[in-house]
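I have placed the structure first, in the form of structure tokens, so that the comments after it can refer back to it.
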Amino acid sequence: MRFLCVSAQLAGHLDWGGYLPTAVELMRTGHDVLWATGRELQSQLDVQGVPVHILQETGWRWPPPPPIQKGTASDEEFQRLRMVRSLDQWLDAARVQAATLELVDAAERFRPHLIVSEMFTAAAGIAAELLGVPFAVAGWPAFQTRSPNPNADAPGAVGKLAQARVGALLADFGVTGVNWALDGPAALRSPSLHLTYWSPRWYAGARLLPQTRMVGGVAPPSLPRESPWLDQLPTDRPWIFITLGTAFTRDINFFLIAARAAAEVGGVPILAVGKGFDAVGTEGGWSQREVEALRKRLPQPSVLVERVRFAEVLPYVAAAVHHGGAGTTHALVTHGIPQIVAPKAADQARQASGVARSGVGYHIPPNQLTVPLTVEALQKILAGDAPARLNAASLQEEFASLGGIPKAAQILVAAA
């Protein structure tokens, strides 16, 4: 069978807990996969051996719109402007329209049996309907958008704007929106399959639709410890992993707060600070001044690297402080690691809620992140009989019981 996978052009949008590994598994079991995205991800997909179709426009705006300046705006107006900015990033009508046309052209040549998309490539749902091809969403459940409380159903100004944009796109292409939630906040919603790499306990209390299928996940086998700095770390102190992922990384205060808190509880901070920086301080995404400012103010011993290989490092990590990216959070859960999440973006807030709801750690809003508060949370996590540690171990078992990547591939084949 043939599967057309679609994503925005950011590394994190390949993940969602297992999206790209599922495509690799489909290929391993004899199916054809084509991944449509921006050229920024060409090399990462090449490494995995996944054929790529480069989209000149994915519909996702990157770099993002300019930051909103509060100025004299009220708090309410400032929040509205921020929400519109977020909407502009994934639901700009002109961008989505161009991406839809490109996807239709690619799909007409590839002739997929199923189009699979992450949640933020709006064009995929429209293209699938235009082509009459079944559609699935990977990495995100299907939420009930209509509240039991009828007074809560009316969308606000931004919600109405989103609905209007989707309505205009559907009208332009002459489709009805079968792959969209139109009874609440505008969002992609497959009528047949939402494949999520999480578990029932993770979503406890959430109102999910029956097309949601959960496959959890299993940590990959540990890799040999080849990074030279690993053998230089003390083994009699807990290792604490600290990261902001790959997109919004240049936040010196976050790294300093987390590292100092880790040191205060007797831990060794391992900081993965993102693109443009490595263990010897090369320039890139970070300026040399930022690099030196961070390095000089870190407690010792600390590790400062661009990124880590999860399978090499996480088996030895006792706790983590991070942003709540889906891939990072999922990797920590499958390794049974308790965590502290300070989310910076909308989807990251969902992971923070899952961490708190399942009891595997703590959610600290980024504007409340301080050394004392982080120390308090880490102390609770590192206690021998800490509930977060016990919960992390039991959630790890629940994830593993659901089948992980092989099960995800089987579900997609059945949906095609």
| field | Test for V33: is it in contact with an Asp or Glu (Cβ under 9 Å, 6 or more places away or on another chain) and in the same structural domain as A123 (by TED's automatic domain parsing) | value | no
| field | Pairs with Cβ under 7 Å, 6+ apart, first in segment 222-234 and at negative phi, second aromatic (F, W, Y) | value | L233/W239
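Against the definition (farther than 19 Å from A318 by Cα and either without any contact (Cβ under 8 Å) to a residue 12 or more places away in the chain or assigned by TED's automatic domain parsing to the domain that holds R295 (or both)), how does I252 come out, yes or no? Even if it seems obvious, please write down each step before you answer.
Values: farther than 19 Å from A318 by Cα: yes; either without any contact (Cβ under 8 Å) to a residue 12 or more places away in the chain or assigned by TED's automatic domain parsing to the domain that holds R295 (or both): yes.
The answer is yes for I252.
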| request: Please list, ordered by first then second residue, the pairs with beta carbon atoms under 8 Å, 6 or more apart or interchain, first in segment 56-76 and farther than 13 Å from H13 by Cβ, second among the aliphatic types (A, V, I, L, M) and modelled with pLDDT of 80 or more. | output: Q56/A98; E57/A98; E57/A99; I68/L81; A73/L81
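Given the options G139, G184, G167, G177, name the one that is in contact with a strand residue (DSSP E or B) (Cβ under 7 Å, 6 or more places away or on another chain) and closer than 28 Å to A94 by Cβ. Break it down into steps so the answer makes sense when it comes.
Details: G184 fails: in contact with a strand residue (DSSP E or B) (Cβ under 7 Å, 6 or more places away or on another chain); G167 fails: in contact with a strand residue (DSSP E or B) (Cβ under 7 Å, 6 or more places away or on another chain); G177 fails: in contact with a strand residue (DSSP E or B) (Cβ under 7 Å, 6 or more places away or on another chain).
Criteria check complete, one pass: G139.
Name the residue that is nearest to T328 (Cα to Cα), counting only residues in segment 18-44 that are touching a helix residue (DSSP H, G or I) at 6+ places or on another chain (Cβ under 6 Å) and not in a helix (DSSP H, G or I).
So the first thing to find is which residues in segment 18-44 are touching a helix residue (DSSP H, G or I) at 6+ places or on another chain (Cβ under 6 Å), and the list is 18, 20-22, 25-26, 33-36.
Keeping just the survivors that are not in a helix (DSSP H, G or I) gives 18, 33-36.
On the way: G18: 11, V33: 25, L34: 25, W35: 22, A36: 23 Å.
Ranking the qualifying residues of segment 18-44, first place goes to G18.
Those residues that are assigned to a helix (DSSP H, G or I) and of a type in the set (D, E), I need them from segment 290-317; list them, please.
Within segment 290-317, E290, E292, E312 qualify.
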| task | Specify which of the listed residues (A392, A386) is in the same structural domain as A356 (by TED's automatic domain parsing) and within 20 Å of the chain's Cα centre (by Cα). | result | A392
| note | The residue that is nearest to S190 (Cα to Cα), considering only those in segment 88-102 that are of a type in the set (D, E) and part of a helix (DSSP H, G or I), is E102
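Per-residue answers, yes or no, for (1) under 23 Å from I337 (Cβ atoms); (2) in a helix (DSSP H, G or I); (3) assigned by TED's automatic domain parsing to the domain that holds V355:
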position: L169; (1), (2), (3): no, yes, no
position: V178; (1), (2), (3): no, no, no
position: S199; (1), (2), (3): yes, no, no
position: Y203; (1), (2), (3): yes, no, no
position: P210; (1), (2), (3): no, no, no
position: P221; (1), (2), (3): yes, no, no
position: P234; (1), (2), (3): yes, no, yes
position: R237; (1), (2), (3): yes, no, yes
position: I242; (1), (2), (3): yes, no, yes
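Are any residues in segment 1-17 in contact with a His (Cβ under 7 Å, 6 or more places away or on another chain) and either part of a strand (DSSP E or B) or surrounded by 24 or more Cβ atoms within 10 Å (Cβ to Cβ) (or both), and if so, which ones? Write out each step before concluding.
As a first pass, look at segment 1-17 and keep what is in contact with a His (Cβ under 7 Å, 6 or more places away or on another chain): 1-3, 7, 17.
Hits for segment 1-17 are R2, F3, S7, G17.
Within segment 396-405, does at least one residue satisfy the condition of being modelled with pLDDT under 95, of a type in the set (D, E) and surrounded by fewer than 19 Cβ atoms within 10 Å (Cβ to Cβ)?
Of segment 396-405, the ones modelled with pLDDT under 95 are none.
No, that holds for no residue.
Table: residues versus (1) in a loop (DSSP other than H, G, I, E, B); (2) under 25 Å from the mean Cα position of the chain (by Cα); (3) assigned by TED's automatic domain parsing to the domain that holds Q351.
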site: D46; (1), (2), (3): no, yes, no
site: Q56; (1), (2), (3): yes, yes, no
site: W62; (1), (2), (3): yes, yes, no
site: T72; (1), (2), (3): yes, no, no
site: Q79; (1), (2), (3): no, yes, no
site: S86; (1), (2), (3): no, yes, no
site: V104; (1), (2), (3): no, no, no
site: M119; (1), (2), (3): yes, yes, no
site: A124; (1), (2), (3): no, yes, no
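The values are calculated or read from the model by the stated rules, or taken from the named source; none is laboratory data. Not measured: the values here are computed from a predicted model. Glycine also receives a Cβ, built like all others from the backbone with ideal geometry; neighbour counts cover every protein chain displayed.
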